[in-house]
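The values are calculated or read from the model by the stated rules, or taken from the named source; none is laboratory data. In this text the structure is predicted, and so the values were computed from the model without any measurement. All Cβ positions, glycine included, derive from the backbone under ideal geometry; neighbour counts span all protein chains shown. Surface areas here come from the heavy atoms of the whole protein model, side chains and all, with no ligands, DNA or RNA. Shrake-Rupley method; radii C 1.70, N 1.55, O 1.52, S 1.80 Å.
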Amino acid sequence: MKMPVIGITASWKDAENGPMVQLDHGYVRCVEEAGGVALILAPQKQIAQLLSMIDGLLIPGGPDIDPKEYGQDKAPETNLVAHERYQFDKAMLTAADGRLPVMGICYGSQLINVHRGGDLIQHLPLKFGSDITHARSGTFVPHSVRILPKGRLQEIIRETEIESASSHHQCANRMGRGLVVTAESDDGVVEAFEDPKLPFFVGVQWHPEKTPEAEHTKRLFKAFVDSCR
């Protein structure tokens, strides 16, 4: 049986010797262990041809989306994603929405919400305080996430609460068209959402690729890859 090909968009970094693209191998490992083939996608122009080569799209973590994209001024804490990466991710997501299964992780989930017309909270402590630490410089912070009894996520993960690996200071605020919140942390931060009208169109705010041995990570990636068959 042909294994589904999952396109994973890479990050963009301006280096001394010219631009570089890179990707945490954890994403590749999770896709491979779920029965898929990972195809790393560097920013480029051939969107239609790339879309024809993949069976599903995964947009991983990264820096922050320019708040102009959702009608806000830039907060001091906002660290903008490279323009080249954002334009490529945006084009791939626009082309894939409604045509292919899509999963967004951290920045990827925020991009899904902005793409659908939603907006973001630019710096969590300004709204939610610091009772729960969602980000710490250079590390991934563990905290619990409640999986809500609606949508497919609880059916996929088969747990009502998980321990996440977290590294973010922004999250979805006003939800975009057709998106339903399916997980929250105890302070009310949106941790996951989906479009229930599509076979698989999911955003998760935590980093499942950092806990590849966790059952909830295996189930999430397995459901995503299976939806791409």
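Worth pointing out:
- Projecting label points 7 angstrom from Cα along Cα→Cβ for LEU51 and HIS25 puts them 3.3 nm apart.
- The stretch 135-170: trypsin sites (Lys or Arg not before Pro) in DSSP coil with no more than 15 other Cβ atoms inside 10 Å: LYS150, ARG158
- Between GLU32 and PHE140, full extension at 0.36 nm per residue minus the direct alpha carbon distance yields a gain of 36.6 nm.
- When ASP89, ASP55 are compared by accessible area at a 1.4 angstrom probe, the order from most to least is ASP55, ASP89.
- Each Cα pair under 8 Å and six or more residues apart adds its sequence gap; the mean of these over the residue count of the chain is a relative contact order of 22 percent.
- Bridging of LYS218 to lysines at a Cα separation below 18 Å is possible for LYS210, once same-chain residues fewer than 8 apart are set aside.
- Going by accessible surface with a 1.4 Å probe and the largest first, SER185, SER144 read SER144, SER185.
- Considering only alpha-carbon pairs that sit under 8 angstrom and 6 or more positions apart, the relative contact order computed for the stretch 1-72 is 44 percent.
- Listed residue pairs exceeding 18 Å between alpha carbons, taken from LYS2/LYS222; LYS2/LYS90; LYS74/LYS127: LYS2/LYS90
- Between ASP186 and HIS83, the modelled labels are 4.4 nm apart [label points 7 Å from Cα along Cα→Cβ].
- Between the beta carbons of ARG174 and SER130, assuming R0 = 25 Å, the FRET efficiency works out to 0.60 to the nearest 0.05.
- Label-point separation, ARG229 to GLU69 (7 Å along Cα→Cβ), nm: 3.3 nm
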